[in-house]
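Read through the structure below, which is laid out as structure tokens, and then see the notes.
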Amino acid sequence: MNKYGAEFLGTFWLVLGGCGSAVLAAAFPGVGIGLLGVSLAFGLTVLTMAFAIGHISGCHLNPAVSIGLWAGGRFPGSQLLPYVAAQVLGGLAAGGVLLLIASGKAGFDVAAGFASNGYAEHSPGGYGLLAAAVCEVVMTAFFLIVIMGATDKRAPAGFAPIAIGLALTLIHLISIPVTNTSVNPARSTGVAVFVGGWAVEQLWLFWLAPIVGAVLGAGAYRAIGESR
């Protein structure tokens, strides 16, 4: 249960910190942090939690990561569903807290997007379904390659959180214009359910594409990284 609690809290922090930066700080008048700041915020949530709970749960914070690590032989299938449940619940709890905070400002409208992921008319840059799917698959695949490589027993000890946090920052720098960056079904679900409508209708992509990408990334790392 300690592991599941850690995953709940860690995913809560990721969604509150990452999506919170997008909703509350990205466009704040005069000092808005913009795309660069939001990208860094997501990376920092993972980096800080990896040091805080990595020794407890492995700090997955992401159903796609858990599934990818299972596919890569790094995680037992018996813990997969409880991990995913804890991550989704943590994301939903963070989304609820963020909504309470954001609603404290006059004129706030959750229908404006609330940091939800989307494609076509709901993509920040107007990118279509195919572009969004390819982007999410490729970004998640390389995220898993970084995670598995950085946590390999042959890798330098103690640096994995930095590599993983910076990888997530880079992923956001590339893909925020395309989908608002998911690579994490729990992050997507945590805000989409409060928006409803189009955000929930498009949520399927932000479960399917990251999971496919994670499995492909895990397979790629096993192909190049396993000792022969």
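For residues in region 152-166 being assigned to a helix (DSSP H, G or I) and either touching a strand residue (DSSP E or B) at 6+ places or on another chain (Cβ under 6 Å) or touching a residue at least 60 places away in the same chain (Cβ under 8 Å) (or both), which is least open to solvent (accessible area, probe 1.4 Å)?
Checking each candidate, the answer is Gly165.
If you check Leu24 against the conditions, is it touching a Gly at 6+ places or on another chain (Cβ under 7 Å), more than 21 Å from Leu144 (Cα to Cα), of a type outside the set (Lys, Arg) and in a helix (DSSP H, G or I)?
No: the conditions fail for Leu24.
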*asked:* I'm trying to understand the selection: among the residues of region 150-205, which are more than 15 Å from Val138 (Cβ to Cβ) and among the hydroxyl-bearing types (Ser, Thr, Tyr)?
replied: Thr151, Thr169, Ser188, Thr189
_Residues of region 1-21 classified as over 18 Å from Thr189 (Cβ atoms), open to solvent by 50 Å² or more (accessible area, probe 1.4 Å) and in a helix (DSSP H, G or I), total_ = 2
*asked:* Suppose the filter is in contact (Cβ under 8 Å) with a residue 12 or more places away in the chain, in contact with a His (Cβ under 9 Å, 6 or more places away or on another chain) and hydroxyl-bearing (Ser, Thr, Tyr); does Thr189 pass it?
replied: no
*Determine which single condition Gly96 fails, assuming it passes every other condition in (1) open to solvent by 30 Å² or more (accessible area, probe 1.4 Å); (2) more than 27 Å from Ala218 (Cα to Cα); (3) not β-branched (Val, Ile, Thr).*
(1)
*Failed item in (1) open to solvent by less than 20 Å² (accessible area, probe 1.4 Å); (2) without any contact (Cβ under 8 Å) to a residue 24 or more places away in the chain, with Leu61 passing the rest*: (2)
*Is there a residue being of a type in the set (Val, Ile, Thr), open to solvent by less than 30 Å² (accessible area, probe 1.4 Å), in contact (Cβ under 8 Å) with a residue 12 or more places away in the chain and over 15 Å from Thr11 (Cβ atoms) anywhere in region 43-57?*
no
*asked:* It is to be established whether one or more residues within region 181-193 are assigned to a helix (DSSP H, G or I) and open to solvent by 40 Å² or more (accessible area, probe 1.4 Å).
replied: yes
*Could you please find all residues in region 107-124 being open to solvent by 60 Å² or more (accessible area, probe 1.4 Å), over 17 Å from Gly96 (Cβ atoms) and either outside any loop (DSSP other than H, G, I, E, B) or hydroxyl-bearing (Ser, Thr, Tyr) (or both)?*
Ala112, Glu121
*Checking Ser78 against (1) part of a helix (DSSP H, G or I); (2) closer than 23 Å to Gly225 by Cα; (3) without any contact (Cβ under 8 Å) to a residue 60 or more places away in the chain, which single condition isn't satisfied?*
(2)
*Of all residues in region 4-42, how many are hydrophobic (A, V, I, L, M, F, W, C) and free of Cβ contacts under 8 Å to residues at least 12 places away in the same chain?*
3
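The values are calculated or read from the model by the stated rules, or taken from the named source; none is laboratory data. In this text, all values refer to a predicted model and were calculated from it rather than measured experimentally. With ideal geometry, Cβ positions are generated from the backbone for all residues, glycine too; neighbour counts draw on all protein chains shown. Areas reflect the complete protein model, heavy atoms only, side chains present, ligands, DNA and RNA absent. Shrake-Rupley method; radii C 1.70, N 1.55, O 1.52, S 1.80 Å.
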